[in-house]
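Just so it is clear, none of the values below were taken in a lab; they were calculated from the coordinates. As the structure is a prediction and not an experimental result, all values here were calculated from the model. Reconstructed Cβ throughout: ideal geometry from the backbone, glycine too, with neighbour counts over all protein chains shown.
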Amino acid sequence: MAADGHPRMPWLAAALVAFILLMIGSRSAALDHPFESHFAIVVSGADSALARQTVAVLTKSHQEMASASGVWLPDTVRVIFVGRTQSFDSIVGGHFPDWGVACAVADENLIAVRSPRDYPITQAIPEVLSHELAHLHFEAVVGHHRPPRWMNEGYAQQFAHEWKYGDDWVVARAVFMDQALALEDIDGVNSFRDAKARLAYAESYLAMGYFLKTYGWEGLMLLGRSLREGGGWNDGFKAATGADYVTFQKEFAKHLRDNYSWAAFLGDTVLFWILLVLIFIVLYLMKRRRSALKLADWDRQEKIEDVLYSPFERAHEQPGESPTQEDEPPPATR
Ligand SMILES: [Zn+2]
């Protein structure tokens, strides 16, 4: 593998530490299931703290996936944290999108992650690791079959709990603008730019959620088994769910329209109330500004009247007399 072409002593030390930790971590998991003893994690390119965290996260994630599906990863998983001095593309063997943080290579049981020591990764590392492990696990569920990308990504995101803040808006805006992606188009996600890729991932998450809600985990496992045993996608889908795939896609598109129209979206979220409060604040500020303008107008009117009428008032005044004298009471007599 390309990572071996850049041997560095700290890497080797980190890998050794990680491997020892892994053996400790996986042995306790091994008690739960006999196949577990084959599952191991080897980490390279990470310092000891990161390697320890990686082993702990992956061991826990694997247990969750295995107990949910009854499918265990049979082999050693290698995790490579890729630094700036290395080519990510050469390690994963293909063109990797700029926005990508990590990649799972199922054929090699490999997870490659951009090193958080070298790259400003905003996503939490445990989330990234669980996501990539779920891709490897999905491969174990479906065998060599390659299901549509949305299902693979949706599966990974469900395990990594990756519904991000703002994803609701991304989908709602796309539905409103009639730009929601058809599920089959998500296959090309690696060539999408940032915003479109985010929409593709959000839709994948929703599509998998919709699938699980409609057909249950059992439906997914039935489909997985059918694919694993060499069945085709359309037949397997129909056998597992009772619906054909084209119908499922149409139903999901309708599900998006029904749940992410602006009216449904706003009526269902706290954003509606935030918007309502904002409207009241804007109305209040407009009212205050109108009152201030009216007062200023009156003030100006008064000044104009003063200028216009004061010469007439002065014309009634007696020369040499001041108004104050006129108003004064007559002098007191003794
Ligand atoms: Zn993914």
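So how long is each side of the stretch 148-268 along the principal axes, counting just the alpha-carbon atoms, biggest first, in Å?
Result for the stretch 148-268: principal-axis Cα extents of 42, 29, 24 Å.
Which of Asp258, Asp167 has the fewest other C-beta atoms within 10 Å, and how do the rest follow up to the most? Spell out each step's value before the answer.
Details: Asp258 10, Asp167 17.
Least crowded to most crowded, the residues run Asp258, Asp167.
Please give every one of the lysines within straight-line cross-link reach of Lys294, meaning a C-alpha to C-alpha distance under 18 Å, and leave out same-chain neighbours fewer than 8 residues apart.
Answer for Lys294, where 18 Å is the Cα cut-off: Lys303, listed by chain and number.
Report the calculated FRET efficiency for Glu108 and Ala56 (r = Cβ-Cβ distance, R0 = 30 Å), to the nearest 0.05.
Numbers: r = 23 Å, r/R0 = 0.76.
According to the calculation, E is roughly 0.85.
Lys213 versus Thr85, label points 7 Å from Cα toward the beta carbon: distance in nm?
For Lys213 paired with Thr85, the spin-label model returns 5.0 nm.
In whole Å, what is the distance between the alpha-carbon centres of the stretch 184-232 and the stretch 53-128?
One Cα centre to the other: 19 Å.
Report the charge-dipole magnitude of the stretch 148-268 in Debye, nearest 20, computed about the Cα centre from +1 at each Lys and Arg Cβ and -1 at each Asp and Glu Cβ. Let's see the in-between values first.
Details: 13 positive and 17 negative charges, 12 e Å.
That gives a dipole near 60 debye.
Arrange Met208, Met65 by Cβ neighbour counts within 10 Å, fewest through most, would you? Could you put the intermediate results ahead of the total?
Working: Met208 20, Met65 23.
Neighbour counts put them in this order, fewest first: Met208, Met65.
7 Å from Cα along Cα→Cβ at both Thr76 and Ala49: what's the point-to-point distance in nm?
Going from the Thr76 label point to the Ala49 one covers 2.8 nm.
In what order do Tyr155, Tyr205, Tyr309 fall by count of nearby beta-carbon atoms within 10 Å, going from fewest to most?
On the way: Tyr155 27, Tyr205 24, Tyr309 10.
Exposure proxy ranking, most exposed first: Tyr309, Tyr205, Tyr155.
Once the piece of chain linking Trp169 and Asn259 is laid out straight, how much longer is it, given 0.36 nm per residue of separation minus the C-alpha distance between them? Please list the in-between numbers first.
Details: separation 90, 0.36 × 90 = 32.40 nm, distance 1.18 nm.
Difference between extended and current length: 31.2 nm.
How much length, in nm to one decimal, is gained on full extension between His95 and Tyr119, taken as 0.36 nm per residue of separation minus their Cα-Cα distance?
Working: separation 24, 0.36 × 24 = 8.64 nm, distance 1.83 nm.
Difference between extended and current length: 6.8 nm.
Please give the contour-minus-distance gain from Ala296 to Asn234: 0.36 nm per residue of separation, less the Cα-Cα distance, rounded to one decimal in nm.
On the way: separation 62, 0.36 × 62 = 22.32 nm, distance 7.40 nm.
Additional length available on full extension: 14.9 nm.
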